[in-house]
Every structure is written in C-alpha cells, then in structure tokens.
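Participant: Pasting a structure here, questions to come.
The values are calculated or read from the model by the stated rules, or taken from the named source; none is laboratory data. Because the structure is a prediction, the values reported are computed rather than measured. Methodologically, a virtual Cβ is constructed for each residue, glycine included, from the backbone with ideal geometry; neighbour enumeration extends over all protein chains shown. Side chains are part of the model used for accessible areas, which takes the heavy atoms of the whole protein and leaves out ligands, DNA and RNA. Shrake-Rupley method; radii C 1.70, N 1.55, O 1.52, S 1.80 Å.
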Amino acid sequence: MKQVKFLLDEDRIPSHWYNILADLPEPMEPPLNPQTGQPVGPQDLSALFPMDLIEQEVSSERDIEIPEEVLQYYRQWRPSTLYRAHNLEKALDTPAHIYYKYEGSSPVGSHKLNTAIAQAYYNREAGIKHLSTETGAGQWGTALSLAGVAMGIDVQVFMVRISYDQKPYRRAMIETYGGKVIASPSDQTQSGRDILAAHPDSPGSLGIAISEAVEVARLRDDTNYALGSVLNHVLLHQTVIGKEALLQMEMAGEYPDVVIGCSGGGSNFAGLSFPFVGENLRNARKTRIIAVEPASCPTLTKGKYAYDYGDVAGLTPMMKMYTLGHGFVPESIHAGGLRYHGMSPIVSHLFHLGQIEAQAFAQNTCFEAGTQFAQTEGIVPAPESTHAIRSAINEALRCKEAGTGETILFNLSGHGHLDMQAYMDYNAGLLEDHEYDVGEVEHALMELPSV
Ligand SMILES: *Cc1c(COP(=O)(O)O)cnc(C)c1O
C-alpha cells in the first residue's frame, strides 16, 4: 500500500508563526490614514484592534511565538493531515506527484479557525467583551463565533445579504456557536442605511459589510473589529499551515516544485505558501508559487496596483494592493469567500515583485476539477478550494505533456458540505461563467482615493 497520509505528532505543531515581513527583498509601502493621507500609527488602529495584533501587523521579527492557550486549541485539529493524491494522479495519468494539505478537518470546516482563535485570544487578553465582523459566504463568521465562545467574547456578524438568504445553514451554524447574525446592508449603521437608501434591494458585498462592522467597533470602547483575511497578522496566523507542510513534505521525502492556493483576500494561500516563499528568498529554492482567483473577481490578474480602501465606505486605512476598486461588486458566484475587491498587501507586494504567479478561472471549470477530486480523493471541496484544484490539475497535465515528474502541493482550504447547492447547480448545468464587467471595474477604479 502506498503511503497517502503524512501525519505529524501533536508535539510537532510549530511553536512559532512565520512572519514573511522579515524576509521581504524590498520594504512594503505603509497603510495610510483615510482622513489625513499620512501613514497610520498604532493609535489609528487601536480603536479596532488590540495592541498585540497591531504589533504583529508591523513586526519585523521572523518567528513569532504562538501563545500556549492558542496551541491548546490548535491541538483539537492540528497538525492537519498532508495527503498524497495517488488516486487523482492515476486518473490524470500524470508523472507529477500531487500533495494537498487539508484544512477542512477543523471544527468549522476551513482554515479560518487558525486565525479566529488567535484573534479572540488577544482581544480577550486586552479586556475586549465584543467583536464585530463581516462574513461573505459565512465561513469567517462561523469561525469567529466559535473562537468567541471559546474565549468568552460576544460576536456580532454582518453577513452579506445574498449569503444570508442563500446560505441558511451557515447562518444556523453561526447562531449555534452563539454568534449574532445581521443581514448587511442593515439599518443598524450609518453605512448600511446610506446603501439601503440608494439601493433598497442591495445584495450586499464584503466591502459594505466591512464598513458596517468597522463602524460598530469604532463607536464602542468595549468592542473591537476582527477581519478574517487580508491583514498581515491574519496571514501570519495562517502560516502554521505551511510550517507543518514543510515538515510533512520532508517526511514524504520530497520538496514541492509548485505550491498553489486559492486567493480571495489571500490568507489560506499565504498560510501554505509563505514558509515556502521564505525558502525561496532565504535559501535560493526555486518553487513556483501560484495564487488562484475567480475570473469574475480577478484582482491580481486584472486589477490595478494602487492605494485603495478595504471597504466601500472608506472607513478603513488605505492599503497599497491589487484592487478592482472598493466600489466593485463581483458577480454572485458560489465561491463567496473569493469575492473581495482587493488583495492582501503582502500578497500584492510579492506579486508586484514577481515572487509569485497568479491565475484566474471561471467557476464551471473549477467545479469540474472539484468533482474529479471528490470522485478520486473522496473529499468534497469548498467552492473556493476548487480553484486551487483546477490549477493543480492543470499543472499535473502540463507535466504529463512535458513528461516531467514535478511535485505539486496545494491547499485544500475547506470542505464543501454546506455548499451542496452549488454542486446541485453545477450538476444541473445551471452555473454561469461570468467574465468580470470591464466597464464596471474601470468605473470603480476611477474612484480610487488619490494619495
Ligand atoms: C474564506 C475562504 C477562502 C478565501 O479566503 P482567503 O483569505 O483568500 O483564504 C478560501 N477557502 C475557504 C474554504 C474559505 O472559507
């Protein structure tokens, strides 16, 4: 029997997260205060985040210790398993070796709990009693609600209207963990009321929901804001994935030629890939690193590298990133977690420097790959994760044509058990492949803040 699973002992969960800021070949440009246009200082952020997270946001220390209490929670599902996809390789008849790191084994079914637990922990240490946040497809709201109840913090979740209506099971899961769900845009914030006045039937967007969640946190001293992706500290927490994968690839006796992750805000992609990017930067490894996004929200492949807001209302700091414009509302594709107008500033910086690659795929071809994966490897992937699978299969087929036995590693960021409607639609031939709306992006890009 060939080995398919590479399990690490519990005591080999990494003791530190990896901070790629320590190894960047060129420094990043700072986030700017939306009012003054000046670089943000810790004071600007302290209304939203605890000081420990603000420090992590700007730290240049390479290894940042994971608190013992966070490690205790991690042990519930970590180290996550690394699998060799023998059956998929066979079906593709490829000489490539395909590995995947499975983050769907966390209690919430995705990688998001890796940072949710850490963020709730630092907020509790700072005396915070309430957290407000947004959720697109519902995975982040689910993760933060579980983390909140674990740390004794109330969680309020602004859920993008269309998901609120279309994903009742996610909503139920958040509520089961004790989170409070509000459909966004809502009448509970000024940003929400402004949107509703102009568009009473707004399906919402992540950018709108972020505006609402940030507004709530701004106005209350005992309330902070938590973001599930994009920011440096979020990506940092996710690097536990890639640090484990480095050890597991060593157990497998291989080193990846290609590392792949789907990318919405960039956190699961960064989580798996940054430790390997670090090896490229420090130890002259030459692994190709690929971020995969939806063709209907092609931030890296079609966006502009510029300062933009993280939200629709312009309440967040301006970040230098690839963006489609903060007013851009992507099509309602099933991979809700990938519908974000911007991209993590670190991922954007690395792309700009040519350290990573990007690809974009339409949803039908991704579901086709996800279905082939389910039939060979048994796990039904989250719609977001099917983007990484599409890319991995394409790379494996390229190897077949070229007759090269490369090693491919991708992140299976979550399972799709609560997304079966998407698979039903795909199976019934009802999924549309939206190209993104070029005119709408041009329009949204005209509204970029001038700095
Ligand atoms: C949220 C989510 C994503 C997208 O978020 P990133 O920050 O880009 O990782 C991808 N996959 C799953 C399963 C998710 O829940």
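Participant: M173 fails exactly one of the following numbered conditions: (1) in contact with a Ser or Thr (Cβ under 8 Å, 6 or more places away or on another chain); (2) modelled with pLDDT under 95; (3) in a helix (DSSP H, G or I); (4) surrounded by fewer than 24 Cβ atoms within 10 Å (Cβ to Cβ). What is the number of that condition?
Facilitator: All conditions pass for M173, except number (2).
Participant: Moving on to the next point. May I ask you to verify whether E279 is in a helix (DSSP H, G or I) and either out of contact with any Lys or Arg (no Cβ under 8 Å at 6 or more places or on another chain) or surrounded by 22 or more Cβ atoms within 10 Å (Cβ to Cβ) (or both)?
Facilitator: So E279 fails the test.
Participant: So is A137 under 18 Å from Y340 (Cβ atoms), in contact with a helix residue (DSSP H, G or I) (Cβ under 8 Å, 6 or more places away or on another chain) and in a loop (DSSP other than H, G, I, E, B) or not?
Facilitator: yes
Participant: Please enumerate the residues belonging to the range 85-114 that are within 16 Å of the ligand (Cβ to nearest atom) and not polar (S, T, N, Q).
Facilitator: Those that are within 16 Å of the ligand (Cβ to nearest atom) and not polar (S, T, N, Q): Y100, K101, Y102, E103, G104, P107, V108, G109, H111, K112, L113.
Participant: I would also like to ask the following. Mind checking which strands (runs of 3 or more DSSP E) fall wholly inside the range 285-384 and carry at least 1 residues that are more than 12 Å from the ligand (Cβ to nearest atom) and under 22 Å from M420 (Cβ atoms)?
Facilitator: Qualifying strands (runs of 3 or more DSSP E): 357-361.
Participant: For the range 422-451, enumerate the residues that are open to solvent by 100 Å² or more (accessible area, probe 1.4 Å), assigned to a helix (DSSP H, G or I) and without any contact (Cβ under 8 Å) to a residue 60 or more places away in the chain.
Facilitator: Within the range 422-451, M424, N427, E442 qualify.
Participant: Would a scan of the range 339-351 turn up a residue that is open to solvent by less than 20 Å² (accessible area, probe 1.4 Å), out of contact with any helix residue (DSSP H, G or I) (no Cβ under 8 Å at 6 or more places or on another chain), hydrophobic (A, V, I, L, M, F, W, C) and at pLDDT 95 or above?
Facilitator: no
Participant: Working only within the range 252-275, note down all residues that are away from the ligand (no atom under 16 Å from the Cβ) and part of a helix (DSSP H, G or I).
Facilitator: A252
Participant: Another question, then. Among the residues of the range 300-332, write down those that are open to solvent by 20 Å² or more (accessible area, probe 1.4 Å) and of a type in the set (V, I, T).
Facilitator: Within the range 300-332, T301, V312, V329 meet the criteria.
Participant: Looking at the range 95-103, is at least one residue modelled with pLDDT of 95 or more, open to solvent by 10 Å² or more (accessible area, probe 1.4 Å) and part of a loop (DSSP other than H, G, I, E, B)?
Facilitator: yes
Participant: Take the residues in the range 115-169 that are within 16 Å of the ligand (Cβ to nearest atom) and of a type in the set (V, I, T); name whichever of them is farthest from the chain's Cα centre (by Cα).
Facilitator: I162
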